[in-house]
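Chemist: Sharing a structure below in structure tokens format, with a few things to ask.
The values are calculated or read from the model by the stated rules, or taken from the named source; none is laboratory data. Keep in mind that what you see is a predicted model, and the values were worked out from it rather than measured. Neighbour counts run over all protein chains shown; Cβ positions are idealised from the backbone, glycine included.
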Amino acid sequence: MRHIRACNNVELPGRRVPFLIGASRVGFVPPELADAFAGFAAIRRTLDAVVLDDPAALDPIAAAVAEQGFGRRRGELFDVRADTDPEGKVLARIDRGALPAFGIPATGVHVNGLVQRDDGAWLWVARRAADKALDPSKLDHIVAGGVNAGMTPAGTLVKEAEEEAAIPEDLAAKAELVGVIGYAMERFEGLRRDRLICYDLWLPEDFRPTPADGEVEAFELWPLDRALATLIDLFLRRAMLPAEEAIRLRAALAAGGVAPAP
């Protein structure tokens, strides 16, 4: 529960203002950013929201406000959809670095790299490179990455598996979709509203992932009980937690929030 609370440390809208494209809410912006929109003809302010009338103007506006310190540019476009319909119509596109400033949800894929050995299941754990802007040197899944504009989660998985861990396409394609986790987290870069598409990938015992593109510094193979203290969803599915605790945690993960204490 401590991990889930840490990932859901903000209530919405709170002090933020809903951000709409037409009639569809796509994010939440802080009042300071709402004020910075005053000079843009494509954006209007209503009593309770900020409304963008021209979807094509979204990323140019994001680039302009980034120069004022609202977000940054990462050179990757992400699709923007109504936040109540994450599989729905693409309304616009925006640079990935602007997502937290605008409170727009991001979709990513996260893969558990598992190995079945005689002594039980083991898990490949990645350590992020020390020069990463976000979470340098911290632990991560064997493969994880954001779903870029025009991509699907399955396609992203195959691409990221090859780029980050040198996992060939035919092996990566065997990954099993196991669930979706969401959260709303206040961080130094803004509001992270991430939606993680989760997969399990069972790897041959003689396969070793190799850092390929600089995202990961190294990979280590851990027994599951070593990882239990930091990884949650996988252990719920493998019934490694007491039943009552598992029920509460599952409810919290499914809701993208914190389940009430019993």
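Chemist: Out of all the residues in region 36-52, is one or more under 19 Å from E189 (Cα atoms), surrounded by 13 or more Cβ atoms within 10 Å (Cβ to Cβ) and of a type in the set (D, E, K, R)?
Modeler: no
Chemist: Oh, and also: Which pairs have Cβ atoms under 6 Å, sit 6 or more apart or on different chains, and link a residue in region 132-159 that is more than 19 Å from V180 (Cβ to Cβ) to one that is part of a loop (DSSP other than H, G, I, E, B)?
Modeler: Between residues of region 132-159 that are more than 19 Å from V180 (Cβ to Cβ) and residues that are part of a loop (DSSP other than H, G, I, E, B), the close pairs are P136/A130; S137/A130.
Chemist: A further question on this structure: Which numbered condition trips up G97, out of (1) assigned to a loop (DSSP other than H, G, I, E, B); (2) modelled with pLDDT of 95 or more; (3) farther than 20 Å from I181 by Cα?
Modeler: (1)
Chemist: Kindly establish whether L177 is under 23 Å from C7 (Cβ atoms), in contact with a helix residue (DSSP H, G or I) (Cβ under 9 Å, 6 or more places away or on another chain), free of Cβ contacts under 8 Å to residues at least 40 places away in the same chain and not assigned by TED's automatic domain parsing to the domain that holds A92.
Modeler: yes
Chemist: Consider V178 against the criteria (1) modelled with pLDDT under 95; (2) part of a loop (DSSP other than H, G, I, E, B): it satisfies all of them except one. Which criterion is unmet?
Modeler: Only one criterion in (1) modelled with pLDDT under 95; (2) part of a loop (DSSP other than H, G, I, E, B) is unmet by V178, namely (2).
Chemist: Of the residues in region 201-245, how many are surrounded by fewer than 17 Cβ atoms within 10 Å (Cβ to Cβ), closer than 14 Å to I167 by Cβ and touching a Leu at 6+ places or on another chain (Cβ under 9 Å)?
Modeler: Final tally of qualifying residues: 4.
Chemist: What are the residues in region 204-238 that are among the hydrophobic types (A, V, I, L, M, F, W, C), in contact (Cβ under 8 Å) with a residue 60 or more places away in the chain and touching a Lys or Arg at 6+ places or on another chain (Cβ under 9 Å), if any?
Modeler: V216, A218, F219, L221, L224
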